[in-house]
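Read the structure below first, then the notes.
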Amino acid sequence: MTRKKRRLMVLLLAGLGLGTATALTLTAFQDNIVFFFSPSDVLANRHSADRAFRLGGLVEAGSVERRTGSDGRPAATFRVTDGAQAITVSYSGVLPDLFREGQGVVTLGRLLPDGSFRATEVLARHDETYMPPEVADALRRSGHWNPEQGAAPPAETWNTAPRPREGRSGG
Amino acid sequence: MPVLWASALVVVGAGLAWGLLFSPPDWQQGETVRIMYVHVPMAWLAMGGYTGLAVLSVMSLIWRHPLADLTARELSPVGAAATALCLATGSLWGKPMWGTWWVWDARLTSVLVLFFLWLGHAALVRAFDDPDRGAKAGAILALVGIVNVPIVKFSVDWWNTLHQPASVTRLDSPGMHVDILYPLLTCATGFSLLFGAVVLARTRAAVMERRVRALQLARARREDAPA
């Protein structure tokens, strides 16, 4: 009985120590674990121009300009925002299918001297809401949500809504 | 056992049919969202199974329960397979949606670490001539690795990641329409039953193997004795 209790105490103490060590390590490496920086982080920390980093946020509504670059490849400029700050991003290449205004993106590149960001890679970042197209259409038609302005309304307002049975209901 | 196998197969079949054929596509991800019906149950099993492994390890270290050792030994290859499936389906999902097969963000990296923990446990418990020493080393590894489980779960909340936050396992209501949520929960139930059935079958086989070896040993001793 006492041996079992002693083993239990040793295990609990070891777990406590290990947990504390992990928590401290993760806190210390906080800045290295983030996958991307938001525009506010970037403007506050003055990232140097010679280091590549990732900038992430939402594509600002009405900011996307698509054109054809001098080399014939598609190119685009858009603004990435976190609500407080925004940074202009230029990119030449094919954008991911999910790219649209109001969508989350993570871009890899460098800051240019004029304060804009030159991206060499653009990844799309989708949010955690899943809804059938009919429900999304209904929310849009009723004016509850404009995907270009950002996240969907609180889930409990739509996640049990009946699915309208018109239009594209292939499935 | 036959009841468990039958119900697992029925629920997996129903869940997959519901998810893959009769549920709606997602408004932005289209049909690709159906990868979720395998990916998410595998991710839950990878984490839930590892938590189970840690519980077995505690039982093994404190109460020296032989069945806990045996179950842990048979659990880890199954858990590694679930984690591998989670990583593979996630990669197949990431390419069309995010535009990349793999990134080193906190969620993806911590799940890869979880996969190596499963593999490491499976290898370590088999690496000793004395099975009891192997079980002890494996139990200690499993308990050290348990710190990774909350990191996997909360990585998407603690840090910026490419992976989106949780849709279902969160405090407020699921960010998922019920027409997508219910087939997902059915698939999760089915795959959990299947996982349990595989682990139970493996453990039973291991118990019988032990019994056979003990009987053989006893017979060999009996035959040696008169000589």
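The table below lists the values:
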| quantity | calculated |
| --- | --- |
| Of all residues in segment B:150-168 being in contact (Cβ under 8 Å) with a residue 60 or more places away in the chain and within 11 Å of chain A (Cβ to nearest Cβ), the one that is surrounded by the fewest Cβ atoms within 10 Å (Cβ to Cβ) | B:VAL168 |
| Qualifying positions in segment A:124-164 - within 12 Å of chain B (Cβ to nearest Cβ), under 18 Å from A:SER63 (Cβ atoms) and assigned to a loop (DSSP other than H, G, I, E, B) | A:ALA151 |
| Segment B:9-31 - residue that is buried (at least 17 other Cβ atoms within 10 Å of the Cβ) and not in a loop (DSSP other than H, G, I, E, B) and, of those, farthest from the chain's Cα centre (by Cα) | B:ASP26 |
| Hey, A:ASP82 over 20 Å from A:PHE36 (Cβ atoms), surrounded by fewer than 20 Cβ atoms within 10 Å (Cβ to Cβ) and either more than 9 Å from chain B (Cβ to nearest Cβ) or touching a Cys at 6+ places or on another chain (Cβ under 7 Å) (or both) or not | no |
| Any hit, segment A:113-123, residues being part of a loop (DSSP other than H, G, I, E, B), closer than 30 Å to B:GLY19 by Cα, at the interface with chain B (Cβ under 10 Å from one of its Cβ atoms) and touching a Pro at 6+ places or on another chain (Cβ under 9 Å) | no |
| Any chance B:PRO174 is within 8 Å of chain A (Cβ to nearest Cβ) and surrounded by fewer than 21 Cβ atoms within 10 Å (Cβ to Cβ) | no |
| Test for B:ARG34: is it of a type in the set (D, E, K, R), touching a residue at least 12 places away in the same chain (Cβ under 8 Å), buried (at least 18 other Cβ atoms within 10 Å of the Cβ) and in contact with a Leu (Cβ under 6 Å, 6 or more places away or on another chain) | yes |
| Among (1) within 14 Å of another protein chain (Cβ to nearest Cβ); (2) out of contact with any Ser or Thr (no Cβ under 6 Å at 6 or more places or on another chain); (3) surrounded by fewer than 21 Cβ atoms within 10 Å (Cβ to Cβ); (4) not aromatic (Phe, Trp, Tyr), the one test that B:PRO96 misses | (2) |
| Residue pairs meeting the criteria (Cβ under 7 Å; at least 6 apart or on separate chains; first among the basic types (Lys, Arg), in segment A:141-164; second surrounded by 13 or more Cβ atoms within 10 Å (Cβ to Cβ) and not in a loop (DSSP other than H, G, I, E, B)) | A:ARG163/A:GLU134; A:ARG163/A:VAL135; A:ARG163/B:ASP179 |
| Count of segment B:128-166 residues which are more than 14 Å from B:LEU56 (Cα to Cα) and part of a loop (DSSP other than H, G, I, E, B) | 12 |
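Yes/no per residue for (1) basic (Lys, Arg); (2) modelled with pLDDT of 95 or more; (3) closer than 19 Å to B:THR83 by Cα:
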{"residue": "B:CYS187", "(1), (2), (3)": "no, yes, yes"}
{"residue": "B:PHE191", "(1), (2), (3)": "no, yes, yes"}
{"residue": "B:LEU200", "(1), (2), (3)": "no, yes, yes"}
{"residue": "B:GLU209", "(1), (2), (3)": "no, no, no"}
{"residue": "B:VAL212", "(1), (2), (3)": "no, yes, no"}
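The values are calculated or read from the model by the stated rules, or taken from the named source; none is laboratory data. All values reported here derive from a predicted model rather than from experimental measurement. FYI the Cβ positions are ideal-geometry reconstructions off the backbone, even for glycines, and counts take in every protein chain you see.
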